């Protein structure tokens, strides 16, 4: 299964849950191992991708790092986010910036409050064009505890992530996570090295249908796979059937984990 952790952490995809409703629950859950969380970060990210996209290769690693660092910045500010993120993303942006959401570039923590949950994230429309990398990240989350979960009441949380190379050498991906079900003893919740070395982040944009943004079909297909009983409403968002109650699950093991930089084994 795939699950988006951000529910209550997002102003738009905020979290929740309760018990499953037969036929409405996502097709993930029991097979994902749980893990104790650091008090500093109460959530994990579980990634998947379209066929042919290898999550642990350099390009997808950069997409994952950019999104995870941006989301984490909302809680801790740029300086306490991933190593190298402030330089890669640049200074804080203003509300309405068409390329980078203001809340992804905050210098100081915002008012969002973490809750224990698993973010399920899916990479679609991945592309490499010369010095650039781009992808759309689709998401939803499931909480560990019962409560409202707006992220699954209307599946529409998707983000465009783009990076541009600033050095001749694109760099090597970190040590690959070879077991999605098990926590690696070497892993850190936040990478200990600069994942963005030789790159800058040029886009971290939340796709808003009301503003004319188009959410890729790859997101809709992925959401529908996770929640087969959901149907599209007039706005194109997948919504649950009457009586649906958001499922809950223990916080899953992060996948892929941040184990270490290349050649550090």
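A few remarks follow.
- Boolean, residue 40 is at pLDDT 50 or above, over 18 Å from residue 158 (Cα atoms), out of contact with any strand residue (DSSP E or B) (no Cβ under 7 Å at 6 or more places or on another chain) and not in a loop (DSSP other than H, G, I, E, B): no
- Exactly one residue out of 234, 185 is free of Cβ contacts under 8 Å to residues at least 12 places away in the same chain, in a loop (DSSP other than H, G, I, E, B), out of contact with any helix residue (DSSP H, G or I) (no Cβ under 7 Å at 6 or more places or on another chain) and over 23 Å from residue 41 (Cα atoms): that is 234.
- For segment 76-180, the strands (runs of 3 or more DSSP E) that sit wholly inside it and include 2 or more residues that are surrounded by fewer than 19 Cβ atoms within 10 Å (Cβ to Cβ) and in contact (Cβ under 8 Å) with a residue 60 or more places away in the chain are 117-129, 132-143.
- Any hit, segment 210-221, residues being outside any loop (DSSP other than H, G, I, E, B), touching a helix residue (DSSP H, G or I) at 6+ places or on another chain (Cβ under 6 Å) and over 20 Å from residue 70 (Cβ atoms): no
- For segment 186-205, residues that are over 23 Å from residue 168 (Cβ atoms) and in contact with a strand residue (DSSP E or B) (Cβ under 8 Å, 6 or more places away or on another chain) total 7.
- Exactly one residue out of 144, 157 is more than 16 Å from the chain's Cα centre (by Cα) and modelled with pLDDT of 95 or more: that is 144.
- Flag if residue 243 is over 17 Å from the mean Cα position of the chain (by Cα) and either under 24 Å from residue 136 (Cβ atoms) or outside any loop (DSSP other than H, G, I, E, B) (or both): no
The values are calculated or read from the model by the stated rules, or taken from the named source; none is laboratory data. These numbers were taken from a predicted model, which means no experiment stands behind them. In this analysis, Cβ positions are derived from the backbone assuming ideal geometry, glycine residues included, and neighbour counts consider all displayed protein chains.
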